[in-house]
Structure formats: C-alpha cells, structure tokens
Amino acid sequence: MSSLKSFIPSWHIWVLAVVAFLVPFLLSKIFARVHAYVKSGGTFKSASARTSVLSPDSSSAAATPFDGDYAADVRSVMDVIGKNSDLTVREFPLSRFDAKGTLFYVNGMQRERELNMRTLEFFMFEATREMLASPPNVKGLLPFYNLKESADVREFSRLVLFGYAGLIIEGVPCGLLIQSPNTSNRAIVEPLSEALLRGPRIGFTEVLSENTSMLRRQGFSDQLEMKSYIIGNTLPKEVVIAYFKDIVNADLLKEVEARISNINIDFLADSGYIEQLIEDNYLSPFQQLQNTERPDRVINGLLEGRVAILQDGSPFALIAPATFSMLLQSPEDYYERWIPSSFLRILRFFAAFLSLLAPSIYISFISFHPGLIPTELVLSIIETRQGVPFPSLIEVLILELSIEILREAGIRLPKPIGPAMGIVGGIIVGDAAVQAGIVSPILVIVVAVTAISSFSMPSYSAGITLRLLRFFGMVFAAILGMFGTILFFLLLCSHLSRLKSFGVSYLTPVSPYRLQDWKDLFIRAPISLMKKRPAMMKTRQERRQT
C-alpha cells in the first residue's frame with residue numbers, strides 16, 4: 001500500500017492541475033464577456049444607427065444652387081470656402097466678348113503652368129459666346145480629360161478644396177471643375193519592410209491610382225474588380241476594395257463591404273486605422289488582417305479568394321482574411337524551389353517558437369526544474385551565476401528590456417546611425433552586464449538567440465506581437481515554473497483557436513483540420529501539386545487555372 005501511495009501525486013500537484021484546467025476556461029469566459037460588452041457599444045452599431053458613407057458628390061448640408069449672377073456666385077463660393085491662405089483666386093477677362101471669369105485652385109494640388117497655358121489662354125483668347133452658350137459645348141471644347149459641371153455652390157467649393165480647379169464664367173449657369181492633379185509623388189521603390197533576394201522589386205506608394213495600376217499590371221484579366229469608397233467625416237479619403245469576381249466568396253465580399261461602409265471616423269491617416277476598425281476582435285494582440293507593401297503578395301492573396309483593401313495616402317495594403325500561418329510565410333517561398341523553401345519555412349516556425357518561449361523555458365529550468373538539465377550543463381550554469389544578485393525573472397527582464405529599448409532606438413535613429421547603434425549598443429550592454437555580475441553569460445546567449453529569432457519573422461507586426469507576449473510568458477514561468485509555461489502556451493492556443501478573421505478560423509488549416517491546405521503550411525509543396533485553392537476560403541472556383 002505504501003508503494004502504491006508513492007505513485008500518487010502530492011496535493012500541490014493536484015492544485016496546479018485544477019488551476020491549469022480552470023484558468024484558461026475562466027479567462028476565455030471573461031474575455032468573451034468583455035469583448036461582447038465593449039463591441040455592443042463600440043464602433044459597429046445596429047443597421048438603423050449606422051452612418052452612411054460620405055462622398056465628394058454628396059453633402060448633408062442643404063444644396064445652394066448657382067443663381068446665374070456672376071458676382072453673387074463668386075461671393076457665394078468665397079463665403080463657403082472661407083479664408084484659406086493656400087487658395088488662389090484669379091479673375092481674368094474674356095477678350096472675345098464683354099465678360100469675365102474667375103479661377104479657383106489650391107496651391108500645390110494643380111499643375112499651375114498647365115492651368116495658365118491651356119485653360120486661361122483658351123478662355124481669354126479663343127472662347128466665344130456661342131461656345132459658352134451651354135455647358136456641353138464647353139465640356140466638349142476644353143482640352144482636359146476630366147471636366148465636370150456643378151450646379152451646387154457647396155459641392156463646387158468642396159471639390160475645389162479636394163484638388164479640382166474651379167471656373168465661374170459670366171453667362172455660364174453653372175460651375176466648371178477641372179481635374180489636373182499635381183503628379184510630383186514619391187518614386188516607386190523596393191518595399192522596405194519586406195525585402196527579398198528574389199522577386200519583384202516594386203512596392204506600393206502613397207498614391208492610390210498608382211497602387212491600383214500596379215495590381216492591373218500584374219496580368220491582363222477582366223475578372224479583377226475594384227470598388228471605391230470615400231471614408232472620413234472631416235477629411236474624406238478614398239478606399240478601394242479589390243477582388244477577383246469569379247473567385248471570391250460572395251459572403252466574404254459582402255462582409256468586407258459592410259464593415260468598410262460602416263466605418264465612422266474623422267480621418268484615416270493610414271490603412272492601420274482601417275485594420276483596427278474592421279477586425280473581428282480588437283482585444284486580441286494578433287493582427288487579423290495582413291498588411292503588405294508588395295503588389296505580388298496582394299495578387300497572390302486575391303487568387304486564393306481573399307479581398308484586398310487599399311487606401312489613398314498609405315503604401316500598405318490589407319489582405320482579408322488572415323491566418324496565423326500567413327504571417328510566417330514569405331513571398332520568396334514561392335520564387336525558390338520547394339525543398340529549400342520548405343526548410344526555411346520550418347526554420348521560421350521554429351524561430352517563432354524560440355522568440356516566444358525561450359526566456360520562459362530558461363526561467364523554468366533555472367528556478368524550478370534544474371533536474372531536467374544535464375548535470376554538466378547545470379554545473380556550468382551554477383558556476384556562471386555565482387554572484388548574480390537577482391532572481392532569474394529580474395535578470396531576464398533587465399536584458400530583454402535593454403534589447404527592446406536598443407531595437408526601438410535603432411529604428412528611430414537616422415539610417416546611417418541606427419544599425420551601428422543597435423549592434424554596438426547590444427555588445428556593450430551585454431558585455432558590461434556580465435562583467436558587472438548583473439546577469440550570467442548563459443542568459444546573454446539565450447536573449448541573443450531570442451532577439452535574432454524575432455528578426456526572422458517576415459511580418460513586422462507579427463514580430464511585435466510575439467515580443468509582447470514573451471513578457472507574459474516570463475511572468476507565468478516565474479510563478480509556476482514549467483507548469484506556468486505550459487499554461488501560458490495553452491491559454492495562447494485557446495485564444496488562437498477561438499479567434500476568427502472574417503469568419504475564417506485563425507489557426508486554419510490546423511484547427512479546423514483541413515488536410516488539403518497542409519500543402520502550404522509547414523512545408524511548401526511543389527507548385528505542380530497545389531492545383532486547388534485553399535479550402536478554407538470556399539471560393540467559387542475550387543481549382544486553380546493550371
């Protein structure tokens with residue numbers, strides 16, 4: 001009987017087992033309640049309370065039509081526009097007949113030379129009263145590819161501030177709007193956040209028309225569709241949804257359109273705003289849409305049945321839905337042969353595991369389970385830790401926080417100084433900490449391996465998430481040892497298994513299990529074998545056009 005009792009765990013083991021079972025369950029319930037409560041009063045409201053999308057051609061204010069009196073119309077426009085120092089107002093005579101005209105435009109948003117040479121010269125020296133008798137005549141004679149008429153003073157004034165050149169001509173019963181945008185933009189360069197050794201060298205810019213044209217130039221297809229939205233109550237910006245109409249799932253497209261249409265915000269500074277406003281669970285640290293600067297990555301996502309979101313003023317496109325495995329995949333995986341690409345992808349998954357759990361495992365072994373370490377290594381670690389005044393948690397936090405500060409400083413410093421600062425700072429801090437007896441040499445190796453592993457993440461946003469969660473894992477390990485590390489990992493897996501991105505499980509194809517999609521998970525199967533699109537996307541066309 002006594003020998004049988006020796007196999008029964010002690011009471012504190014049973015307590016740890018109960019805690020390991022109850023804590024994930026209770027935390028998941030708490031997070032679900034908090035998420036439901038906040039979301040019910042958050043950005044997305046009921047259908048009756050949702051705000052309609054604004055557009056440059058619509059306004060909530062009452063329309064103010066032009067009344068045909070030239071002087072009164074000019075005054076009305078000036079009253080609506082207000083006092084803007086960057087607005088140019090130029091009155092000019094029409095020499096062919098006794099009339100006047102006024103040109104409105106915002107400095108820097110028009111080609112002033114083109115306006116002066118083509119528009120003013122035409123009206124001052126070529127236009128006749130017969131030409132200006134009706135707006136269609138003017139529209140057909142003006143040498144501009146984009147000219148529109150406006151009968152509303154408020155619409156006219158608003159579009160002038162949006163970048164149009166506005167014309168009010170005596171005798172013409174409406175305002176004329178000419179779009180001749182200034183095209184001095186950033187050159188197309190290689191993406192900085194997703195550098196590759198092999199693959200296309202172009203990346204998106206801040207100009208939406210250039211980004212959509214890059215997608216068009218990826219290949220000739222009449223199935224690529226784009227829908228435009230104007231979002232922003234105070235400063236409207238254009239947002240485009242791109243998809244292949246013969247591939248995308250209709251329910252997914254409808255959901256993306258609904259979420260985009262119901263964004264209610266003053267100003268979209270970057271596509272990161274859209275990402276946070278339309279994601280399923282904003283309490284999760286994991287990104288639920290993939291951001292990228294690469295047109296080839298966007299097209300590959302569209303061909304899998306996903307939807308891309310592009311915003312004017314942002315070089316980052318969003319791909320929805322996203323899964324965890326997408327964050328560890330690089331476009332270069334498909335440009336190299338499948339064997340080396342599969343090896344690098346497996347290495348990337350292992351590096352993500354080290355980046356997340358290496359410090360926690362170190363704390364667990366050193367503080368709670370030294371018996372799990374080989375004897376010779378234990379003796380070596382004990383010898384190197386002689387004189388270290390801090391427990392393992394504080395020791396790891398000192399180095400980890402130092403590395404994070406150095407990393408942040410390297411990003412913010414000018415380019416010629418940043419990399420050198422990070423390398424030299426890391427060497428100096430690590431060596432000084434060991435020499436001062438604050439940390440042990442073995443910990444410097446662990447932290448260095450952890451930092452290098454985090455750099456292997458193709459997605460910078462995913463790397464930030466793992467760096468943040470690493471600190472929570474260290475706290476769990478410092479309290480419960482290896483049980484805490486396992487508990488932390490189980491909590492993380494529980495959260496990921498419940499997380500969804502536009503209705504797609506975040507851990508797909510691992511959970512739910514889809515064998516077909518494992519061809520592009522841990523390994524990248526030969527392209528000739530990947531004849532079907534991902535089953536999780538439920539696309540209209542199951543097979544690729546091969």
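The values are calculated or read from the model by the stated rules, or taken from the named source; none is laboratory data. Being a predicted model, the structure only gives us computed values, none of them experimental. FYI the Cβ positions are ideal-geometry reconstructions off the backbone, even for glycines, and counts take in every protein chain you see. The protein model used for the area step is the full one, side chains on, heavy atoms only, and it has no ligands, DNA or RNA in it. Shrake-Rupley method; radii C 1.70, N 1.55, O 1.52, S 1.80 Å.
Based on the reciprocal of the average 1/r between different C-alpha atoms, the Kirkwood radius for segment 434-495 equals 13.2 Å. Look at where the Cα atoms of segment 373-411 and of segment 257-323 average out, and the two centres are 39 Å apart. For the residue pairs LYS148/LYS245; LYS237/LYS500; LYS148/LYS227; LYS245/LYS538; LYS254/LYS531; LYS245/LYS531, alpha carbon separations beyond 24 Å are given by LYS148/LYS245; LYS237/LYS500; LYS254/LYS531. Computed in the context of the full set of protein chains, the accessible area of segment 424-490 at 1.4 Å probe radius has 83% of its extent on carbon or sulfur. Placing one equal scatterer on every Cα of segment 428-546 and applying the Debye formula, the log10 ratio I(q)/I(0) at q = 0.13, 0.17, 0.20 Å⁻¹ is -0.77, -1.06, -1.24. Could you tell me which of VAL504, GLY473, PHE488 has its Cα farthest along the dipole of segment 425-546 towards the positive end, charges placed at Cβ (Lys, Arg +1; Asp, Glu -1), taken about the Cα centre? Of VAL504, GLY473, PHE488, it is VAL504. Extension gain, ASN146 to THR234: 0.36 nm times the residue separation minus the Cα-Cα distance gives 29.2 nm. Here the accessible area of segment 221-336 is 49 percent carbon and sulfur, with a 1.4 angstrom probe and all protein chains present. Against the empirical curve 2.2 N^0.38 Å, the C-alpha radius of gyration of segment 277-359 lands at a ratio of 1.23. Computed on protein heavy atoms with a 1.4 Å probe, the accessible areas place LYS83, LYS254, LYS237 in the order LYS83, LYS254, LYS237, largest first.
For LYS29, a cut-off of 19 angstrom between C-alpha atoms picks up these aspartates and glutamates, skipping any fewer than 8 places away in its own chain: ASP280. Over segment 161-251, the hull volume per residue, using the convex hull of the C-alpha atoms, is 209 Å³.
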